[in-house]
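Trainee: I'd like to ask you about the structure that follows.
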Amino acid sequence: MIALLSQSYDVTVLFYNPNIQPPEEYDKRLTELRRMLALPEYAGTALIVGEYDPNVFKVATVPFLDEPEGGRRCERCFNLRLSETARLAADEGYSCFTTTLSVSPHKNAKLLNEISGKLAQEYGIEYLRADFKKQDGYKHSIDLSKKYGLYRQSYCGCLPFVQER
């Protein structure tokens, strides 16, 4: 997705994931992202790492800890993370923002686009609507992971919060 976007945009990746637990998993995913962005296909792609505070996620989603993936907990998580993306993009003068979350077959692209569209209006910035799983986007992400031996997580990140309760 980043390589595709880079054909038309100067891309900056925001890694803002207060939802990821445990911290070792967060570190592993960030390390893999850095490793990926060092590949020739991603030359020139900037990276911003947002503050990691799992309590921010927990406070935002605590009423919905028993919800399955795809429920209101996910909606709160999307809103939390995309709000930070829209805010940062507007504050830093970017022309638009989008999310690669839609590449996952487990993520509701329609919901992601609805939330992001509202945030775009709120922050006065353009949102690039997308469903990156279409046109073999998900397959491409798997192929890329295999080609470079990139780590692929087995859960969204918040699973331990559900188990912790």
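The values are calculated or read from the model by the stated rules, or taken from the named source; none is laboratory data. In this text the structure is predicted, and so the values were computed from the model without any measurement. Quick reminder, even Gly has a Cβ in these numbers, built from the backbone with ideal geometry, and neighbours come from all protein chains shown.
Trainee: Anything in the range 13-28 that is in contact (Cβ under 8 Å) with a residue 60 or more places away in the chain, farther than 13 Å from Pro54 by Cα and buried (at least 16 other Cβ atoms within 10 Å of the Cβ)? List them, or say none.
Mentor: Just the residues of the range 13-28 that are in contact (Cβ under 8 Å) with a residue 60 or more places away in the chain, to begin with: 14, 16-22, 25-26, 28.
Still in the list and also farther than 13 Å from Pro54 by Cα: 14, 28.
Leu14 - this is the single residue of the range 13-28 that is in contact (Cβ under 8 Å) with a residue 60 or more places away in the chain, farther than 13 Å from Pro54 by Cα and buried (at least 16 other Cβ atoms within 10 Å of the Cβ).
Trainee: Taking the range 29-47 as the search range and keeping residues that are in a loop (DSSP other than H, G, I, E, B) and without any contact (Cβ under 8 Å) to a residue 40 or more places away in the chain, which one is farthest from Arg152 (Cα to Cα)?
Mentor: We begin by selecting, within the range 29-47, every residue in a loop (DSSP other than H, G, I, E, B); these are 38-39, 43-45.
Filter once more, keeping what is without any contact (Cβ under 8 Å) to a residue 40 or more places away in the chain: 38, 43-44.
On the way: Ala38: 17, Ala43: 21, Gly44: 23 Å.
That would be Gly44.
Trainee: Within the set of pairs 6 or more residues apart or between chains, which connect a residue that is at pLDDT 95 or above inside the range 113-141 to a residue that is in a loop (DSSP other than H, G, I, E, B) with Cβ atoms less than 6 Å apart?
Mentor: Asn113/Arg129; Leu128/Thr98
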